[in-house]
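The values are calculated or read from the model by the stated rules, or taken from the named source; none is laboratory data. Since this is a predicted model, take the numbers as computed values, not measurements. For neighbour counting, all protein chains shown are included, and Cβ atoms are generated from backbone atoms with ideal geometry for every residue, glycine included.
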Amino acid sequence: MTSENRASSIANMEGLQSAIVAGETARVKELLEGRSLDELQKGYLIELAELNNDGEIIGILKQAPTA
């Protein structure tokens, strides 16, 4: 992974976290489009959505592909 790819991946993760906390379902879908998460990332994001009690985002995250 190049440093550019790492930076993009980190920015995407930060964006996902922000969108989950803000309850922005459409943004979460947009950020996940064409991407896969590793199991650790996916678990963390699901927990974050559970803390916000957002069932729709939890469902979206559970359906996200894993790498």
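What number of residues within the range 38-53 are outside any helix (DSSP H, G or I) and within 18 Å of Ile10 (Cβ to Cβ)? Here the count works out to 1. Taking the criterion of being over 19 Å from Thr66 (Cβ atoms), of a type in the set (Gly, Ala, Ser) and at pLDDT below 95, the residues of the range 1-42 that qualify are Ser3, Ala7, Ala11.
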